[in-house]
Amino acid sequence: MRKPVFILLMFMFGGFVLHAAQTEKRVLNDTITGKLLFFKKILNDDEWVVADSATAEMIKELVDYIENSPVDSVLKRLEKDVDGNDSLFSRSIDKISNPEKIAGYISKRTIERQSDHNARIIRERFSEEQIMVPETLFSGMYSKLPLITSAEAPRMLTDSIIQLPDTLVALFNDPVVYRNKEKFKQADSLKNVFIEQARVSYNDSLIRSFRDSVATEYRREYIQTRIDSVNKRYADSVYAHNVKILNQYNDSVTAQFNNKAVGILQSLITFANRMPNNIIIHNLYGQDVKLSLQNEAAWYKWIWLKNHMNDSIGIKVENLDKHNLRMVIDETVNLSRLTAKEALEIKEVKSTKRSGPKLFKVTVKDPVLSPWKLQGNAYAGFTQTYINDYWSQGGKSSASALATFNYDVKYAKNKIKWDSSFDLKLGLVYYIPEEETETQRNWHKNTDNVELNSRFGYSAFKKWYYSADANFKTQLFDGYKNVNDTEPLSSFFSPAYLTFSAGMEYKPNKNFGTFVAPISLKTTYVTDPDIDETKFGLNEGDTQRTRIGLVGKLDYKKELFENVSLKTKNSIFINYGNNSDGEWQFLKLPDFDSETTIDFKVNQFISTQLNIHFIYDKDVESTWTKADNVEVKGTRLQVKEFFTLGISYRL
């Protein structure tokens with residue numbers, strides 16, 4: 001029997017099974033990841049532009065090859081481009097950032113200073129009086145002046161342009177002259193001479209004024225033209241100079257950048273060429289050998305083929321490249337001695353299919369997500385200042401502390417949404433007591449606020465909800481105007497505000513929401529008998545007052561930058577009714593409450609917080625002292641701001 005027949009029979013009886021499968025893509029190490037990020041950033045940026053669009057596409061394919069799908073043809077084309085082209089990227093000079101920092105570049109400020117200097121030199125060199133005005137500039141222009149002719153001269157008296165001197169007036173008023181025709185004729189002749197002289201003088205003044213204005217405008221335009229000409233030549237020379245400087249700088253940087261890019265690209269090409277293509281070969285008895293086919297790698301391995309009788313034969317496997325291998329039978333085996341078994345029938349040959357473990361049905365359970373979401377944040381800041389008796393600039397030793405706490409409870413399932421939040425802010429300032437100063441207290445409260453919000457919503461359509469809202473606000477401790485007052489201005493539950501509203505809420509995303517309630521009840525409570533309830537819009541002796549109106553709210557939060565976040569809450573209340581004086585409030589400025597907080601996070605525990613709070617309430621009476629020590633009362637915009645550095649913790 002011929003040798004090929006023996007080889008075929010050996011493979012049939014040995015139950016040789018070749019199973020080739022690509023392994024999962026290789027996890028990139030840190031060096032390759034960094035190089036990939038380098039090119040991905042360049043390809044997505046508009047500063048550097050690939051000189052050849054075809055090369056750009058191939059670089060993109062290379063990145064995709066390493067990360068996702070191998071394409072060997074890309075590597076071959078890229079190798080030719082890298083070897084024959086040192087310039088992969090180019091950049092326009094208008095993409096250079098901060099060109100003023102480049103040596104030799106003339107900045108805009110320098111140009112402006114030089115232009116001003118040029119204008120000053122020209123104005124000093126050319127005096128307006130020395131500039132000759134062409135006489136042709138005035139030709140034909142006198143006809144446009146309102147000159148008075150001899151025939152129009154008498155109207156100068158009627159239009160009050162001139163007045164007769166007292167001597168002529170006296171002559172005409174003299175009865176003797178009036179009755180004597182000769183004397184009257186002489187007086188009239190003198191009058192005509194005076195009018196004619198006045199007419200000539202008046203026309204001369206018009207012409208002189210006109211010539212002066214035309215000459216002044218001509219001289220100014222003449223000087224400005226010289227200035228513009230000099231500055232234009234200077235600007236053109238500066239532009240040409242700056243373009244030359246930027247081109248030289250850009251060529252140098254581009255060469256360095258391309259050298260770096262070519263080196264990195266060559267490293268990526270080499271890495272991609274050497275990435276292994278793994279296959280696994282199994283024999284009849286479940287023994288397997290993993291082979292890593294690679295370019296530019298010389299290796300070989302022995303594998304053993306077996307039949308059902310456990311006869312073995314060695315096969316030498318050699319690596320040619322990442323897609324090809326060569327298999328050679330052991331040269332010590334004499335194939336001529338192999339014989340076929342006559343008793344073996346083809347129909348009795350058992351399947352060489354591997355019998356692996358049975359697969360059982362897998363039950364996939366969908367994760368059950370809780371409709372509840374709980375989140376909170378606590379913050380505390382402390383500031384301390386010490387000033388001894390010898391500090392020349394004055395001041396007081398003090399210490400201050402600020403604590404804030406916020407906790408949100410949110411529920412969302414199907415069409416129901418329920419958001420609740422609790423906010424607490426408390427800030428104190430303590431002044432170290434001085435022996436010569438006696439005060440009622442050495443501490444002062446600068447912020448004190450307790451607020452509870454709850455809003456229930458049912459989906460109406462798209463991002464709109466039918467909603468009911470409740471809001472409660474009060475404070476914890478007594479508040480005083482200054483450290484010497486004995487009577488508090490406010491205390492716990494005095495005042496307190498409770499608002500119920502029903503309306504529509506628009507919630508397009510988790511960061512933005514607006515709520516409008518045309519029907520709202522706002523109740524103000526003052527329960528402490530020591531607090532003046534009239535300062536909060538209540539009648540004397542009352543402990544509460546309820547108003548009906550319209551409520552509008554807008555909430556927004558956003559991460560402005562990395563570790564910098566903004567949160568703002570805004571609300572307005574428009575009263576449908578009248579105030580305590582009987583005035584209708586609907587068309588007046590609405591009450592509003594706006595609070596904005598910006599958090600600057602330094603690290604996990606340390607952060608800086610800026611809070612700005614505006615309140616305008618027509619029912620709240622403010623008291624202040626004017627410059628002349630006169631105390632004034634009325635409704636004014638209330639403003640509070642604090643900025644502090646402290647410790648925060650997210651719950």
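Arg226: within 30 Å of Asn118 (Cα to Cα) and surrounded by 14 or more Cβ atoms within 10 Å (Cβ to Cβ), yes or no?
yes
Among Tyr202, Tyr239, Tyr234, which is at pLDDT 85 or above, surrounded by 14 or more Cβ atoms within 10 Å (Cβ to Cβ) and under 60 Å from the mean Cα position of the chain (by Cα)?
From the options Tyr202, Tyr239, Tyr234, the qualifying one is Tyr234.
Residues being on the phi < 0 side of the Ramachandran plot and touching a helix residue (DSSP H, G or I) at 6+ places or on another chain (Cβ under 7 Å): count how many of those fall in the range 285-299.
Residues in the range 285-299 being on the phi < 0 side of the Ramachandran plot and touching a helix residue (DSSP H, G or I) at 6+ places or on another chain (Cβ under 7 Å): 2 in total.
Determine which single condition Ser459 fails, assuming it passes every other condition in (1) touching a Phe, Trp or Tyr at 6+ places or on another chain (Cβ under 7 Å); (2) of a type in the set (S, T, N, Q); (3) closer than 18 Å to Ala403 by Cβ.
Going through the list (1) touching a Phe, Trp or Tyr at 6+ places or on another chain (Cβ under 7 Å); (2) of a type in the set (S, T, N, Q); (3) closer than 18 Å to Ala403 by Cβ, Ser459 breaks only (3).
Would you say Glu124 is out of contact with any Gly (no Cβ under 6 Å at 6 or more places or on another chain) and over 30 Å from Arg199 (Cα atoms)?
So Glu124 passes the test.
Which condition from (1) surrounded by fewer than 14 Cβ atoms within 10 Å (Cβ to Cβ); (2) of a type outside the set (S, T, N, Q); (3) under 20 Å from Val450 (Cβ atoms); (4) in contact with a Gly (Cβ under 9 Å, 6 or more places away or on another chain) is the one that Asp530 breaks?
Asp530 satisfies every listed condition except (4).
What number of residues within the range 449-498 satisfy the criterion of being among the hydroxyl-bearing types (Ser, Thr, Tyr) and more than 23 Å from Ser571 (Cα to Cα)?
Number of matching residues: 3.
Residue check: is Leu589 over 21 Å from Lys425 (Cα atoms) and modelled with pLDDT of 85 or more?
no
Report whether or not Ser229 is closer than 30 Å to Pro146 by Cα, more than 39 Å from the chain's Cα centre (by Cα) and without any contact (Cβ under 8 Å) to a residue 40 or more places away in the chain.
The answer is no for Ser229.
Select from the range 597-639 the residues that are without any contact (Cβ under 8 Å) to a residue 12 or more places away in the chain and in a loop (DSSP other than H, G, I, E, B) and list them in ascending order.
Asn603, Gln604, Lys626, Ala627, Asp628, Asn629, Val630
Considering only helices (runs of 4 or more DSSP H) fully contained in the range 137-215, which possess at least 2 residues that are under 30 Å from Ser127 (Cβ atoms)?
Here the list is empty.
The values are calculated or read from the model by the stated rules, or taken from the named source; none is laboratory data. Predicted model only: the values in this text are computed from it and were never measured. Glycine gets a Cβ as well: all are built from the backbone with ideal geometry, and neighbour counts include every protein chain shown.
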